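Read-outs: derived from the displayed coordinates by stated rules, not from any lab. As the structure is a computational prediction, the values presented were derived from the model and not from experiment. Here the Cβ positions follow ideal geometry from the backbone for every residue, glycine too, while neighbour counts run over all protein chains shown.
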Amino acid sequence: MIRAFRAFAAVFVVGLLVACSSAPTQTRSKFLSYNGPAVTQIVVNKGDRRMYLLNGQTVLRSYDVHLGNAPSGHKNFEGDGRTPEGIYFIDRFNPNSAYHLSAGISYPNVQDTAFALAHGRRPGGDIFIHGRGAEGAAAARARRADWTAGCIAVEDHEIEEIYAMLTTGVPVVINP
């Protein structure tokens, strides 16, 4: 009986050591590399819920997008839930975004700020192209199509590709 117990214990300990010493599974990095043609412009057609990354007139990639929770019309004020319309630029990147990864859009511009201030309001800001993150995943489960506060959202694996392709200064044309 003691011999059987010792044999069991030895097998058990060896099993634990093998299980604990196995190499950890590698997680895929969210930071991809891109060696293709430069993105020279981004075009977002809000009505179609579609975004295009262009090199000149050539579409490099296109994506379905989710917009602000009140997507019709131009963003005028902080908290209105609208996605801006007009010409902006990629002006920053956030590798630690709550929405997986994000690329900042230069909203508000001078005209946006002047309009909001003329109405005694703030224009808002922090408009990004970003992934889903936890909030977007919850919106997907609830089947809400437009759920951001005014940003342009794509799937997490798509923002990884977009993030790798963009540089600061790329124009972003957002159409109604």
Stretched fully, the stretch from Phe93 through Ala70 gains (0.36 nm per residue minus C-alpha distance, one decimal, in nm) 5.8 nm
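Taking the Cα centre as origin and putting +1 on Lys and Arg beta-carbons and -1 on Asp and Glu beta-carbons, what dipole magnitude results for the chain, to the nearest 20 debye?
So the magnitude is around 660 debye.
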Note on the chain, DSSP bridge orientation, antiparallel percent to nearest 5 equals 75
Rounded to the nearest 10, the angle in degrees between the Cα long axis of helix 2-21 and the longest principal axis of the Cα atoms of the chain comes to 30
Dividing the helical contributions, -39500 (n - 2.57) per DSSP H run of n ≥ 4, by the residues of the chain yields a 222 nm value, nearest 500 deg cm²/dmol, of -8500 deg cm²/dmol
The answer for Ile152, listing residues at least 5 apart or on another chain whose modeled amide H is closer than 5 Å to its amide H, is Phe128, Ile129, His130
So, for the Cα atoms of the chain, Rg and Dmax in Å stand at 23.4, 89
